[in-house]
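One structure is given below, encoded as C-alpha coordinates.
The values are calculated or read from the model by the stated rules, or taken from the named source; none is laboratory data. As the structure is a prediction and not an experimental result, all values here were calculated from the model. Cβ: placed from backbone, ideal geometry, glycine included. Neighbour counts: every protein chain shown. Only protein heavy atoms, including side chains, enter the accessible area calculation; ligands, DNA and RNA are left aside. Shrake-Rupley method; radii C 1.70, N 1.55, O 1.52, S 1.80 Å.
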Amino acid sequence: MREVSEHLHSGVNDLIKDLGWTLSPIQEAAIPEIVDGNDRLLVAPTGSGKTESAVLPIISKCLTENWSGLSILYITPLRALNRDIDRRLSKMLEPVGLSVGLRHGDTSQKERTKQSKKPPNLLITTPETA
(Lines give C-alpha, C1' and ligand atoms only; values in the text may rest on other atoms or scores of the structure.)
Protein backbone atom coordinates (compact mmCIF):
# COMPACT_ATOMS: atom_id res chain seq x y z
CA MET A 1 0.00 0.00 0.00
CA ARG A 2 1.33 3.43 -0.96
CA GLU A 3 1.95 6.17 1.58
CA VAL A 4 -0.64 8.96 1.60
CA SER A 5 2.04 11.44 0.46
CA GLU A 6 2.53 9.43 -2.74
CA HIS A 7 -1.06 10.24 -3.71
CA LEU A 8 -0.68 14.00 -3.30
CA HIS A 9 0.84 16.75 -5.43
CA SER A 10 4.26 17.81 -4.15
CA GLY A 11 2.92 21.29 -3.33
CA VAL A 12 0.29 19.75 -1.05
CA ASN A 13 2.89 17.57 0.64
CA ASP A 14 5.06 20.67 1.18
CA LEU A 15 2.05 22.51 2.61
CA ILE A 16 1.35 19.71 5.10
CA LYS A 17 5.00 19.76 6.16
CA ASP A 18 5.22 23.58 6.35
CA LEU A 19 2.09 23.75 8.53
CA GLY A 20 3.51 21.05 10.80
CA TRP A 21 0.49 18.82 10.35
CA THR A 22 0.36 15.13 11.14
CA LEU A 23 -2.44 13.45 9.24
CA SER A 24 -5.30 12.09 11.34
CA PRO A 25 -6.71 8.58 10.86
CA ILE A 26 -9.66 9.88 8.82
CA GLN A 27 -7.27 11.82 6.58
CA GLU A 28 -5.04 8.78 6.12
CA ALA A 29 -8.07 6.70 5.11
CA ALA A 30 -9.91 9.25 2.95
CA ILE A 31 -7.20 11.09 1.02
CA PRO A 32 -5.99 8.21 -1.19
CA GLU A 33 -9.58 7.21 -1.99
CA ILE A 34 -10.63 10.75 -2.96
CA VAL A 35 -7.47 11.39 -5.01
CA ASP A 36 -8.24 8.19 -6.91
CA GLY A 37 -11.68 9.59 -7.79
CA ASN A 38 -13.78 7.56 -5.41
CA ASP A 39 -16.78 9.12 -3.66
CA ARG A 40 -16.63 9.02 0.12
CA LEU A 41 -18.91 10.06 2.96
CA LEU A 42 -16.76 11.27 5.85
CA VAL A 43 -18.24 10.77 9.30
CA ALA A 44 -16.04 11.58 12.29
CA PRO A 45 -16.08 13.69 15.45
CA THR A 46 -15.73 17.46 15.33
CA GLY A 47 -12.08 18.47 15.09
CA SER A 48 -10.91 15.21 13.55
CA GLY A 49 -9.92 16.73 10.22
CA LYS A 50 -12.87 16.03 7.92
CA THR A 51 -12.49 19.32 6.04
CA GLU A 52 -8.83 18.64 5.30
CA SER A 53 -9.67 15.02 4.43
CA ALA A 54 -11.89 16.28 1.64
CA VAL A 55 -10.04 19.41 0.55
CA LEU A 56 -6.41 18.24 0.45
CA PRO A 57 -6.99 15.57 -2.22
CA ILE A 58 -9.18 17.94 -4.26
CA ILE A 59 -6.56 20.71 -4.28
CA SER A 60 -3.97 18.09 -5.15
CA LYS A 61 -6.02 17.11 -8.22
CA CYS A 62 -6.56 20.80 -9.03
CA LEU A 63 -2.79 21.39 -9.05
CA THR A 64 -1.95 18.16 -10.90
CA GLU A 65 -4.59 18.67 -13.58
CA ASN A 66 -4.27 22.50 -13.74
CA TRP A 67 -7.96 23.22 -13.17
CA SER A 68 -9.23 26.70 -13.98
CA GLY A 69 -11.12 29.11 -11.71
CA LEU A 70 -14.30 28.04 -9.93
CA SER A 71 -13.49 24.39 -10.28
CA ILE A 72 -14.08 23.59 -6.58
CA LEU A 73 -17.32 24.35 -4.75
CA TYR A 74 -17.36 24.00 -0.96
CA ILE A 75 -20.87 24.09 0.52
CA THR A 76 -21.06 24.75 4.25
CA PRO A 77 -24.23 23.54 5.97
CA LEU A 78 -24.70 26.86 7.81
CA ARG A 79 -23.85 30.42 6.85
CA ALA A 80 -22.40 30.87 10.34
CA LEU A 81 -19.55 28.54 9.32
CA ASN A 82 -18.57 30.56 6.22
CA ARG A 83 -15.97 32.80 7.85
CA ASP A 84 -14.27 29.97 9.74
CA ILE A 85 -14.11 27.81 6.62
CA ASP A 86 -12.91 30.80 4.57
CA ARG A 87 -10.00 31.40 6.97
CA ARG A 88 -9.08 27.71 7.14
CA LEU A 89 -9.25 27.10 3.41
CA SER A 90 -7.41 30.33 2.55
CA LYS A 91 -4.61 29.19 4.85
CA MET A 92 -4.46 25.90 2.92
CA LEU A 93 -4.89 27.14 -0.65
CA GLU A 94 -3.02 30.44 -0.84
CA PRO A 95 0.45 28.91 -0.15
CA VAL A 96 -0.03 26.59 -3.15
CA GLY A 97 -1.17 29.44 -5.42
CA LEU A 98 -4.92 28.80 -5.36
CA SER A 99 -7.56 31.39 -4.51
CA VAL A 100 -10.63 31.21 -2.27
CA GLY A 101 -13.85 33.20 -2.58
CA LEU A 102 -16.88 33.50 -0.33
CA ARG A 103 -20.44 33.88 -1.59
CA HIS A 104 -23.60 34.30 0.47
CA GLY A 105 -26.84 36.24 0.36
CA ASP A 106 -25.15 39.45 1.55
CA THR A 107 -22.29 39.33 -0.95
CA SER A 108 -22.19 42.74 -2.66
CA GLN A 109 -22.89 43.09 -6.36
CA LYS A 110 -19.35 44.43 -6.77
CA GLU A 111 -17.89 41.23 -5.23
CA ARG A 112 -20.24 39.01 -7.27
CA THR A 113 -19.11 40.78 -10.47
CA LYS A 114 -15.46 40.39 -9.44
CA GLN A 115 -16.01 36.66 -8.80
CA SER A 116 -17.65 36.19 -12.19
CA LYS A 117 -14.86 38.03 -14.04
CA LYS A 118 -11.99 36.39 -12.17
CA PRO A 119 -13.39 33.32 -10.41
CA PRO A 120 -11.54 31.92 -7.41
CA ASN A 121 -10.32 28.34 -7.62
CA LEU A 122 -12.57 27.43 -4.68
CA LEU A 123 -15.86 29.10 -3.85
CA ILE A 124 -17.45 28.72 -0.41
CA THR A 125 -21.23 29.01 -0.23
CA THR A 126 -24.27 27.71 1.64
CA PRO A 127 -27.57 26.14 0.50
CA GLU A 128 -29.36 29.35 1.51
CA THR A 129 -27.29 31.59 -0.82
CA ALA A 130 -29.35 33.32 -3.47
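Points to keep in mind about this one:
- Residue list for the range 83-111, restricted to those being farther than 26 Å from Gly37 by Cβ, touching a Lys or Arg at 6+ places or on another chain (Cβ under 9 Å) and surrounded by 13 or more Cβ atoms within 10 Å (Cβ to Cβ): Leu102, Arg103, His104, Glu111
- Taking the criterion of being among the small types (Gly, Ala, Ser), assigned to a helix (DSSP H, G or I) and under 16 Å from the mean Cα position of the chain (by Cα), the residues of the range 11-55 that qualify are Gly11, Ala30, Ser53, Ala54.
- Among (1) open to solvent by 90 Å² or more (accessible area, probe 1.4 Å); (2) of a type outside the set (D, E, K, R); (3) at pLDDT 85 or above, the one test that Leu78 misses: (3)
- Ile58 within 12 Å of the chain's Cα centre (by Cα) and open to solvent by 80 Å² or more (accessible area, probe 1.4 Å): no
- Annotation: of all residues in the range 1-55 being of a type in the set (Asp, Glu) and exposed (fewer than 14 other Cβ atoms within 10 Å of the Cβ), the one that is farthest from Asp86 (Cα to Cα) is Glu3.
- Residue match in the range 70-93 (condition: under 22 Å from Gly49 (Cβ atoms) and acidic (Asp, Glu)): yes
- Those residues of the range 112-125 which are part of a loop (DSSP other than H, G, I, E, B) and crowded, with 19+ Cβ neighbours inside 10 Å, in sequence order: Pro120, Asn121
- Residues of the range 1-10 satisfying the condition of being within 16 Å of Ala54 (Cα to Cα) and either part of a helix (DSSP H, G or I) or β-branched (Val, Ile, Thr) (or both): Val4, Ser5, His7
- Checking each residue in the range 73-111 for being part of a strand (DSSP E or B) and either aliphatic (A, V, I, L, M) or under 20 Å from Asp18 (Cα atoms) (or both) picks out Leu73, Ile75, Val100, Leu102.
- Pairs with Cβ under 7 Å, 6+ apart, first in the range 70-90 and touching a residue at least 12 places away in the same chain (Cβ under 8 Å), second acidic (Asp, Glu): Arg79/Glu128
- Residue list for the range 61-72, restricted to those being hydroxyl-bearing (Ser, Thr, Tyr) and either part of a helix (DSSP H, G or I) or loosely packed, with under 14 Cβ neighbours inside 10 Å (or both): Thr64, Ser68
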